[in-house]
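> Here's a structure for you.
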Amino acid sequence: MKAAVVTDVTSAPRCADFPEPSPRDGFVQVQMLAAGVHQVVRSIAAGAHYSSGDELPFVAGVDGVGLIEGRRVYTGGCPDPLGTIAERTLVPAGFAVPVPDVLPTDLAAAVVNPAMSSWLPLVSRGLRPGGTVLVLGATGTAGQLAVQVALHLGAGRVLAAGRNAAVLARLAADPRVSAVSLSGPREEAVAAIAASGGPDIVLDYLWGPVAELALDGLRSRSLVDGGSAVQYVQIGALAGRTAALDAAILRARDITISGSGAGSIDRALLFTELPKLLDAAASGELTVEVRVAPLADVAEAWTSAAPGRLVISMV
């Protein structure tokens, strides 16, 4: 079969022949239709993700849309060295969430992974109706979806922090969204977060020095001053894998810092929320720019700077 095969973590996967998946207990075969090239997919293919293995070659892709017994489903969880950017793969039995008929295959493949990165922590951390959410990295694909997800789940206000001025302006066209620029002086971003009165939940796709400035902004309003407790959720590390944490911050403000990723999510909650997310995408409440490339062109598309979440089509 044809698949997007990683033979060298320093170069893009290429369309090549790969052995057909052999039957395994607890897994079923799926005919893949489309799979998204998400940040986590790129990171794993580059050997830079915490879940990256040492064995080469392997097939890229962590999720996607395929056919199981003739049904179009969202699925993932392939055993190594298989992946979802392939004509066929294996997935755990039971990991087959029906895709609504009105939701295009390419959009379903593009939206679920980045949107679920914010959906699950907002649900699990108990976003209150009318609450405030701060999104660090709001101008990337996952960040833009995080703004949409927060509003869909009942946030009354979203602080969208990022560097792309055009995207920030578009997000802030919604009166419920306030833009925080990360391109200007650090002090201005800290002051903007402090002036907000403090979010209930922080979704951090950046970490590194951005986390440091955000935490500086959060500690400026303690509980004594009327600041509320904060759930700080670390999701991505596009700005750096380490951040200096001043111990005084944890004493000045009731802040809980936790992570949300493949190794820490509640799988029962995941399968409860996936149909809801797909329904939200089908209704048009969650949208993302998509660019589609055929499997044969995966290497060229992988390195292209064209905008939009890349989706590889197997049909």
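The values are calculated or read from the model by the stated rules, or taken from the named source; none is laboratory data. These numbers were taken from a predicted model, which means no experiment stands behind them. Here the Cβ is made from the backbone with ideal geometry for all residues, glycine too, and neighbour counts use every protein chain on show. Heavy atoms of the whole protein, side chains included, go into the accessibility calculation; ligands, DNA and RNA do not. Shrake-Rupley method; radii C 1.70, N 1.55, O 1.52, S 1.80 Å.
> With springs only between Cα atoms under 10 Å apart, run a GNM on the chain and tell me which of Asp101, Asp25, Asp297 wobbles the most.
Of the options given, Asp25 has the highest mean-square fluctuation.
> Now for a different question. Using alpha carbon centroids, what distance separates the range 260-291 and the range 15-63, in Å?
Going from one Cα centre to the other spans 20 Å.
> Going by the alpha-carbon gyration tensor, a ≥ b ≥ c the square roots of its eigenvalues, is the range 157-247 rounded (a/c under 1.5) or, if a/c is not under 1.5, prolate (a/b greater than b/c) versus oblate?
oblate
> Using only the Cα atoms, work out Rg/Rh for the range 85-223, with Rh taken as the Kirkwood radius, to two decimals.
Taking Rg over the Kirkwood Rh, I get 1.04.
> Let me ask something additional. Based on the inverse mean of 1/r over its pairs of different Cα atoms, what is the Kirkwood hydrodynamic radius of the range 250-315, in Å?
15.7
> Between Val123, Val292, Val147, find the one with the highest GNM mean-square fluctuation for the chain; connect C-alpha pairs within less than 10 Å.
Answer for the Gaussian network model of the chain: Val123.
> How big is the accessible area of His152 in square angstrom, nearest 10, if you roll a 1.4 angstrom probe over the protein chains?
My reading of the accessible area for His152 is about 70 Å².
> Hey, if you put +1 on the Cβ of every Lys and Arg and -1 on every Asp and Glu Cβ in the range 1-122, which of Ala12, Ser52, Pro100 ends up farthest toward the positive end of that dipole?
Of the listed residues, the answer is Pro100.
> Continuing with the same structure: Could you compute the net charge surrounding Val37? Neighbours are other residues with a C-beta less than 14 Å from the C-beta of Val37; K and R count +1, D and E count -1.
Overall, the nearby charge balance is -1.
> With both bridge residues required to lie in the chain, what share of the DSSP beta bridges run antiparallel, to the nearest 5%?
Around 45 percent of the beta bridges assigned by DSSP in the chain are antiparallel ones.
> Please list, by residue number, every one of the GluC sites (Glu not before Pro) in the range 247-302 that is coil in DSSP and has at most 13 other beta-carbon atoms within 10 Å.
Qualifying residues, ordered by number: Glu285, Glu289.
> Using only Cα atoms, find the angle between the long axis of helix 141-152 and the longest principal axis of the chain, and express it within 0 to 90 degrees, rounded to the nearest 10.
Once rounded, the angle reads 70 degrees.
> Keeping every protein chain present and rolling a 1.4 Å probe, give me the accessible area per residue for the range 142-244 in Å².
Computed with neighbouring chains in place, this is 42 Å² per residue.
> I would also like to ask the following. Quote the charge dipole size of the range 210-315 about the Cα centre in Debye, to the nearest 20; the model charges only the Cβ of Lys and Arg (+1) and of Asp and Glu (-1).
In debye, rounded to 20, the range 210-315 gives about 220.
> Name the residues of the range 53-75 whose amide N is less than 18 Å from a point 7 angstrom out from the Cα of Asp279 along the C-beta direction?
Within reach of a label on Asp279: 73-74.
> What residue among Ala189, Ala165, Ala211 shows peak mean-square fluctuation when the chain is described by a Gaussian network model with Cα springs under 10 Å?
Its mean-square fluctuation being the largest, the pick is Ala165.
> Right, here's the next one. Output needed: percent of Cα pairs per 10 Å distance bin for the range 14-117, bins running from 0 to the one holding the longest distance.
Each 10 Å bin holds this share of Cα pairs: 15, 50, 31, 4.
> Under a no-solvent Debye model with one identical scatterer per Cα of the chain, what's log10 I(q)/I(0) at q = 0.09, 0.10, 0.15 Å⁻¹?
For the chain, the Cα-only Debye profile gives -0.46, -0.57, -1.18.
> Would you mind checking the tilt of helix 267-282 against the longest principal axis of the Cα atoms of the chain, expressed as 0 to 90 degrees and rounded to 10?
90
> Would you compute, from DSSP H runs of 4+ residues alone, the mean residue ellipticity of the chain at 222 nm, taking -39500 (n - 2.57) per run and dividing by the full residue count, rounded to the nearest 500?
-9000 deg cm²/dmol
> How many percent of the accessible area of the chain is carbon or sulfur, using a 1.4 Å probe?
Using a 1.4 Å probe with all protein chains present, the chain comes out at 53 percent carbon and sulfur.
> Moving on to the next point. Per q in 0.16, 0.18 Å⁻¹, report the Debye log10 I(q)/I(0) for the range 202-310, using one uniform scatterer on each alpha carbon and no solvent.
-0.98, -1.06
> Measure nothing fancy, just the Cα-based angle from helix 105-124's long axis to the longest principal axis of the chain, in degrees from 0 to 90, nearest 10.
In the chain, helix 105-124 runs at an angle near 40 degrees to the longest axis.
> Taking the highest mean first, how do the peptides 108-119, 88-99 order by number of other beta carbon atoms within 10 angstrom per residue?
108-119, 88-99
> Mind listing the Cα extents of the range 113-159 along all three principal axes, in Å, largest one first?
Each principal axis gives a Cα extent; for the range 113-159 these are 25, 19, 15 Å.
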